[in-house]
1. Relative contact order (percent) for segment B:3-84, with alpha-carbon contacts under 8 angstrom and 6 or more residues of separation?
2. Would you mind classifying segment B:3-84 by shape? Square roots of the alpha carbon gyration tensor eigenvalues, ordered a ≥ b ≥ c; an a/c under 1.5 is rounded, otherwise it is prolate if a/b is larger than b/c and oblate if not.
3. Report, to the nearest whole %, how much of the accessible area of segment A:15-79 belongs to carbon and sulfur atoms, 1.4 Å probe, protein only.
4. Along the Cα→Cβ direction, 7 angstrom out, place labels at B:Glu61 and A:Lys49. What is the inter-label distance in nm?
5. Could you compute how much accessible area chains A and B hide from each other, both sides summed, with a 1.4 Å probe? Nearest 100 Å² is fine.
6. Other chains' Cβ within 10 Å of B:76-83 residues: what's the mean?
7. Can you list the residues, at least 5 places off or on another chain, whose amide H is less than 5 Å from the amide H of B:Lys66, using H built in the peptide plane?
8. How shielded is B:174-183 by partner chains, expressed as the average number of their Cβ atoms within 10 Å of its Cβ atoms?
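The values are calculated or read from the model by the stated rules, or taken from the named source; none is laboratory data. Since we're looking at a predicted model, the values are computed, not measured. A quick note on method: Cβ atoms are made from the backbone with ideal geometry, for glycine too, and the neighbour counts reach across all protein chains shown. All accessible areas refer to the heavy atoms of the entire protein, side chains included, with ligands and DNA or RNA removed. Shrake-Rupley method; radii C 1.70, N 1.55, O 1.52, S 1.80 Å.
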2 protein chains.
Amino acid sequence: MALRHAVLAALLDEELSGYQVTKAFAVGVANFWHALPQQVYAELAKLEKEGLVAGREVVQETRPNKRLFRVTGGGLAELERFAAAVAKPSFLRDDLLVKVQAADHLDSEVLIGRLLERAAFADAKAASFEQLLRVMRGDRDEAEFLLRGARVGPYLTCRRGLDFERANRDWCREVVAVLRARRGAGPGS
Amino acid sequence: MALRHAVLAALLDEELSGYQVTKAFAVGVANFWHALPQQVYAELAKLEKEGLVAGREVVQETRPNKRLFRVTGGGLAELERFAAAVAKPSFLRDDLLVKVQAADHLDSEVLIGRLLERAAFADAKAASFEQLLRVMRGDRDEAEFLLRGARVGPYLTCRRGLDFERANRDWCREVVAVLRARRGAGPGS
DNA sequence: CTGCACATGTAAACAGTTACATGATTTT
DNA sequence: AAAATCATGTAACTGTTTACATGTGCAG
């Protein structure tokens with residue numbers, strides 16, 4: 001399981017509440033992991049019981065109280081152990097690819113609709129990652145930031161997310177072009 | 001659930017046994033879905049009970065008997081329904097990205113080892129996808145094949161798999177270069 | 001006064017992985 | 001003789017998603 005490690009990684013740089021970790025999983029962390037609020041709360045409870053994170057109650061006047069968590073020494077050691085183990089190969093697991101695999105047997109119009117939807121979504125996500133990257137590197141240029149910036153980890157994972165979404169977008173548009181061209185030319189002609 | 005749809009898509013072009021579907025999930029289909037033999041057998045049993053695939057017993061002399069499955073009209077209709085629904089956004093879910101996210105707090109040497117491992121793995125997978133693509137398009141050039149070839153679906157998904165693995169490889173190598181450069185220069189210097 | 005953001009969970013259903021189980025044939 | 005391939009599963013466990021549950025404060 002790597003959800004626990006994703007949560008630990010998200011807590012490394014700052015103390016966060018369960019709610020804030022959930023938010024992190026919806027923006028920056030979204031390039032490499034995804035989790036629902038319920039999972040995050042459950043995982044934080046387990047991590048606390050095992051001593052890998054420590055929570056402290058923060059009483060708030062205008063908002064419901066919250067618990068802020070930080071990674072303990074044990075948590076960091078756990079991350080170190082995790083990093084030392086061979087990483088499982090990752091693969092794409094995508095509804096859209098299943099649909100395109102079956103494209104020759106399905107209605108092209110419908111599929112083209114789904115592909116254009118996804119292309120637009122990927123493009124929007126790419127734009128938001130670009131924005132995030134600009135914020136992270138500030139006024140430095142990229143090479144300078146990567147060489148001497150503090151915390152390049154989040155920057156590098158965000159870069160991967162950006163490339164991934166760009167590739168998604170480009171592939172979707174290319175598949176659309178192929179399907180449209182074939183509709184005109186027809187296979188076997 | 002899309003495992004059922006991935007299985008249906010794999011059976012569209014040819015009759016296959018559970019074992020052969022498992023093999024398909026280990027090579028070509030691997031770019032868009034992944035499944036263990038147990039899952040495949042269980043899913044085929046369910047699909048047959050629901051009338052989405054039809055199995056027939058094939059008695060073999062030298063090998064254990066096997067059951068070959070084909071997609072029924074109901075199965076094709078199910079795929080069509082699936083294709084018409086909005087596809088869930090896909091995201092990366094990768095142990096290595098979690099590790100890189102935490103890179104600033106971890107031992108670089110260990111991480112570099114994992115990244116080089118993955119780069120080699122991705123490179124090998126990319127090579128095997130390139131080979132698969134060559135086999136699929138035969139002596140035609142790509143544009144010609146995409147315009148007039150039969151069954152471009154598997155080709156297009158394999159192309160996505162190839163781009164994905166190339167991007168993985170390149171990203172891993174870039175991260176290694178960054179970590180090595182920082183080891184020399186040191187952050188904040 | 002409606003909807004969104006804050007804040008935290010429980011319960012049930014579904015999907016995926018790991019371990020176990022069996023047994024024949026073909027290749028090295 | 002050992003290892004890989006063919007061929008098919010069951011059982012237990014772990015992880016993920018969906019649905020439900022609750023309550024406050026602020027902005028439009």
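1. 35 percent
2. Numbers: a/c = 1.99, a/b = 1.29, b/c = 1.54.
The shape class here is oblate.
3. Numbers: 2000 of 3550 Å².
C and S atoms contribute 56 percent here.
4. Those two pseudo-labels are separated by 6.1 nm.
5. So the total buried area for this chain pair works out to about 7100 Å².
6. 4
7. The list, which skips near neighbours in sequence, is B:Val58, B:Gln60.
8. Counting Cβ atoms of other protein chains within 10 Å of each residue's Cβ and averaging gives 3.
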